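As structure tokens, the structure follows; a few thoughts come after it.
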Amino acid sequence: MSLQRKDKPSFNNRALNMRQITPYLFITPAIIALAALVVYPLLYGMYISLFETNLANKWNFVGVKNYLSIFSDSDFFNRIWITLKFTFLVILIHFLLGILLGIALNRKGKTITFFRVILILPWLMPDVVVALIFKWLLNPLYGLINNALLDWGAIESNISWLSDEFWAFFCIVAVAVWKGYPLVMVNVLAALQSVSSDIYEAAKVDGASGLQTLLRVILPSIKPVLTTTLILDTVWWFKHYTIIQLLTKGGPGNDTSIISIEIYKQAFEYFKYGKAAAISVVVFLICLLITKLYRRFLESED
Amino acid sequence: MKTRSLKKKKILSGIGTYTVLIVMAVIVLIPILWMVSTSVKLESETITIPPQWIPDHPTLESYKRLWSEYPFAVYFKNSIIISLGAVILSVGFSCLAGYGVTRFRFRGKQSFLTFLLVTQMFPSIMMLIPYYKVLSTYQLKDTYLGMILVYISFTIPFCSWMMVGFFKTIPLELDEAAIIDGCSRWRAFRQIVLPMTLPGISSSAIYAFITAWNEYMFAQILINNPELKTVPLGIAELNGFYKILWNDMMAASVIASLPLIILFVFLQKYFISGLTAGAVKQ
């Protein structure tokens, strides 16, 4: 066997070539798919952002004009601010809940399996369904939430949650939290299961308190998974569209107008494809920046 | 003394754990049960004050209407074709990639792995406008193939990444032995190694299926033909009617969620282990 593994000069040419080509044969389909379906559209999007275009017969090259018009627009910064606020709150609560529940679920037993299945349900449900269930729950007149709160005397009159300037934002955050925390939970759980439980026991025997064990032992042991999850979760929610579009369409006013709603509007309501593409590129750069910052921050901590 | 206080601590932490789990389970279940409850109500019963959890006249009328009055049978067919297409292609491609990456040394391997991760960081909305244009250029707008291609662009990176984790856990000696026994590379892959990664294949398949089945934004832009609309589009459409029939909409929501929940309950063991394998890789 060791003979075969070393590329001896006596190895005949055909076999040698095969050896070099075979690995590429296996990964070629994935590479072609990603080049055609990810890299190409991405570059094409950047190309479109330099034009004033209807995507059909009108292609006026305008250089960076689209970008200039974005950055001279205070609405744009306002929307980015809303998006950042939204993403920050959603991710923060996802992680608090996800870590807490992931640790709670990291034991054995039939009841735990039951809870695992229940607690992962929101992640399985389509965004559209989640949005509409909550739209129904939050219905000002017939919604369960208003009626329950009235019953308990917590509020005195019906609240139109989704068209209220103050509440609308918190409602979309709450729905995004409900929908998204299972991802963090499952990743934490999976990571914990791949770490030997001995180190937790050792920490306990040494007399570490629960919080100490959590901060000094548990979290560091799953930090790589947490970092990746943090990056993915941030990018996913930063550009989220469906739930907000169906719940508030960015309203009332522009209070929940996060950036993907704006991109959608620019492209498919005002037909400014070039500008929308330019905003997409900016969003991409922001996501990249956030990723870089996380990496630097979390990796230099060691 | 010490063991006693430890035991006490353990019981307390157990109580704490279960309190947290129960509270969260209630928060998760209320909206879901409310969906189910609304779906078996008559229209008049959906708007009673106070709302009733259990209707006086439970009925499956809304479910029947989905098939008779609304074209949900068509939507379902479309969703199934598109999702299965996406599953087959992404699982196929990612199994090959997983095998290739773990079985061979070759130039560009590390860049390939990095690339898989990096693609996850592109916000998908950035692809929306290019796809809108590219699909019409190649006459793939309003086709199953077009939608499948869009969805595998989301799923292949993550599935490949999971599969790499899985193939890594299978010892190289296995294929080497098979090849010495005269198996071809391809047969070693297909008949010896691949069957052992079944848990990985299941988790990739679930992931791809969920992603394709639930997707709304791209479908909304790229599908205009009513004959090709998917279930999420159909449900969102009910929301756009002048008068929203909550019972019908919730029945459609139940039907849209059910396949995923059933799939997951059966395959959940595989799924968690799938993520674990990915985690080990990191």
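A few comments on the model shown:
- In terms of its C-alpha gyration tensor, the range B:63-281 has a prolate overall shape, because the principal axis ratio a/c (a ≥ b ≥ c, square roots of the eigenvalues) is not below 1.5 and a/b outweighs b/c.
- Note, ³J(HN,Hα) from phi for the range A:213-221, Karplus 6.51, -1.76, 1.60, rounded to Hz, x at Gly and Pro: 4, 4, 6, 8, 10, 5, 4, x, 5
- Between amide H atoms placed 1.01 Å from N, distances below 5 Å from residue A:59 occur with no residue 5 or more places distant or on a separate chain.
- Backbone N within the range B:152-191 under 18 Å of label point (7 Å from residue B:113 Cα along the Cβ vector): B:157-173
- In terms of distances greater than 32 angstrom between alpha carbons, the cross-link table entries A:110/B:7; A:58/B:77; A:179/B:64 yield A:58/B:77.
- Each Cα pair under 8 Å and six or more residues apart adds its separation to the average, and for chain A the resulting relative contact order is 27 percent.
- Close amide-amide hydrogen proximity is noted between residue A:51 and A:62, each under 5 Å apart and 5 or more residues distant or on a separate chain (H modeled in the peptide plane; Pro and chain starts excluded).
- Under a Gaussian network description of chain A, with springs only between Cα atoms under 10 Å, the residue in A:150, A:219, A:105 that fluctuates furthest is A:150.
- Average other protein chain Cβ within 10 Å of Cβ, residues B:213-219: 5
- For B:229, B:243, B:10, B:41, order by how many other beta-carbon atoms lie within 10 Å, fewest first: B:243, B:10, B:229, B:41
- Simple point charges give the picture: +1 on the Cβ of Lys and Arg, -1 on the Cβ of Asp and Glu, and for the protein assembly as shown a dipole about the Cα centre of about 2300 debye.
- Mean per-residue shielding of peptide A:130-140 is 6, counting Cβ atoms of other chains within 10 Å of each Cβ.
- Since only B:208, B:97, B:76 are under comparison, the one whose Cα sits farthest along the positive direction of the charge dipole of the range B:63-281, derived from C-beta charges on Lys, Arg, Asp and Glu, is B:97.
- Cα-only radius of gyration and Dmax that characterise the range A:74-300, units Å: 20.2, 65
- Diffusion coefficient, µm² s⁻¹, Stokes-Einstein with Kirkwood Rh over alpha-carbon pairs of the protein assembly as shown at 10 °C and 1.306 mPa s: 61 µm²/s
- Going by neighbour counts of Cβ atoms within 10 Å, the residues A:177, A:117 line up, fewest first, as A:117, A:177.
- Residue A:164-residue B:74 pseudo-label distance in nm [points 7 Å out on the Cα-to-Cβ vector]: 4.1 nm
- Peptide A:35-45 has a mean shielding of 6, counted as Cβ atoms of other protein chains within 10 Å of each residue's Cβ.
- The residue among A:105, A:194, A:117 whose Cα reaches farthest toward the positive pole of the charge dipole of the protein assembly as shown, with charges on the beta-carbon of Lys, Arg, Asp and Glu, is A:194.
- Residue (of A:288, A:243, A:212) at the positive-pole extreme of chain A, dipole from beta-carbon charges: A:288
- Qualifying aspartates and glutamates (Cα of each under 14 Å from Cα of residue A:272; at least 8 residues distant if same chain): A:52, A:262
- Rounded to the nearest Hz, the phi-derived 3J(HN,Hα) couplings of the range B:131-142 under the Karplus curve 6.51 cos²θ - 1.76 cosθ + 1.60 (θ = phi - 60°) are 4, 4, 6, 4, 5, 6, 4, 8, 6, 9, 5, 6, where x marks glycine and proline.
- Debye, to nearest 20: dipole size of the range B:63-281, +1 on Lys, Arg Cβ, -1 on Asp, Glu Cβ: 360 debye
- Cβ-defined net charge surrounding residue B:192, 13 Å radius [Lys, Arg +1; Asp, Glu -1]: 0
- Flagged links, alpha-carbon separation over 26 Å, of A:135/A:239; B:109/B:269; B:8/B:269; A:239/B:243; A:249/B:229: B:109/B:269; B:8/B:269; A:239/B:243
- When each of B:57, A:240 is scored by the number of other beta-carbon atoms lying within 10 Å, the sequence from fewest to most is B:57, A:240.
- Mean-position separation - Cα centroids, the range B:157-233 and the range B:1-64, in angstrom: 35 Å
- Burial order of peptide ranges B:83-94, A:287-298 (average beta-carbon count within 10 Å, highest first): B:83-94, A:287-298
- Maximal additional length on extending the residue B:191-residue B:5 stretch stands at 61.4 nm, based on 0.36 nm per residue less the C-alpha distance.
- Rounded to the nearest 20 debye, the dipole size of the range A:74-300 about its Cα centre is 640 debye, using +1 on the Cβ of Lys and Arg and -1 on the Cβ of Asp and Glu.
- Computed over the range B:185-276, the range of Cα coordinates on each principal axis works out to 59, 27, 19 Å, biggest value leading.
- Of the GluC sites (Glu not before Pro) found in the range B:26-117, those that fall in a DSSP loop while having at most 11 other beta-carbon atoms within 10 Å are B:69.
- In order along the range A:84-96, phi translates into HN-Hα couplings of 5, 4, 4, 4, 4, 4, 4, 5, 4, 5, 3, 6, 4 Hz, rounded to whole numbers, per the Karplus curve 6.51 cos²θ - 1.76 cosθ + 1.60 with θ = phi - 60° and x for Gly and Pro.
Bear in mind that the values in this text are calculations on the coordinates, not laboratory data. Note that this is a predicted model, so its numbers are computed, not measured. All Cβ positions, even for glycine, are placed from backbone atoms using ideal geometry, and neighbour counts span all protein chains on display.
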